[in-house]
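Q: Sharing a structure, written as structure tokens. Questions coming.
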Amino acid sequence: MQNIYFGPDERAHQKFLDFFYIVCGLLCLALAILSLFPAGAGMRFFPLIFFIAAILNLVSAYSKFRSSDTRYRNGASGLFLMLMGIVMLALTYVSGICIWG
């Protein structure tokens, strides 16, 4: 099995990101489907969906910052993704308090 590390190898990093996006997307899809079935009890999955979205945004921001050597555009989009990740983390906290607490 090939080891995936966060070294200077861009191809290994891109393979990790592709695998991570697929797994998180399938997990979000499964949680969204599960939240539709039981009418009242399905709400408990929304904080988890927000949390996965926050992690996806923060990982994407890291990837943009990693690839922005001198390009301003990637750095600005990385900053925007980081801001959206922080907003999603706040939504995770608020929805978790409202639904679970």
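Yes or no, residue by residue, for (1) modelled with pLDDT of 90 or more; (2) basic (Lys, Arg); (3) in a helix (DSSP H, G or I):
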| position | (1), (2), (3) |
| --- | --- |
| Pro47 | yes, no, yes |
| Lys64 | no, yes, yes |
| Gly75 | no, no, yes |
| Leu83 | yes, no, yes |
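Q: So is Phe46 within 11 Å of the chain's Cα centre (by Cα) and in contact (Cβ under 8 Å) with a residue 40 or more places away in the chain or not?
A: It is false that Phe46 is within 11 Å of the chain's Cα centre (by Cα) and in contact (Cβ under 8 Å) with a residue 40 or more places away in the chain.
Q: Limited to the range 32-45, what total is found for residues that are in a helix (DSSP H, G or I), surrounded by fewer than 18 Cβ atoms within 10 Å (Cβ to Cβ) and of a type in the set (A, V, I, L, M, F, W, C)?
A: Matching residues across the range 32-45 total 6.
Q: I'd like the full set of residues that are closer than 25 Å to Leu79 by Cβ and aliphatic (A, V, I, L, M), limited to the range 13-60.
A: Once the filter is applied, which keeps residues that are closer than 25 Å to Leu79 by Cβ and aliphatic (A, V, I, L, M), the range 13-60 yields Leu17, Ile49, Ile52, Ala53, Ala54, Ile55, Leu56, Leu58, Val59.
The values are calculated or read from the model by the stated rules, or taken from the named source; none is laboratory data. Since the structure is predicted, the reported quantities are computational estimates derived from the model, not experimental observations. Quick reminder, even Gly has a Cβ in these numbers, built from the backbone with ideal geometry, and neighbours come from all protein chains shown.
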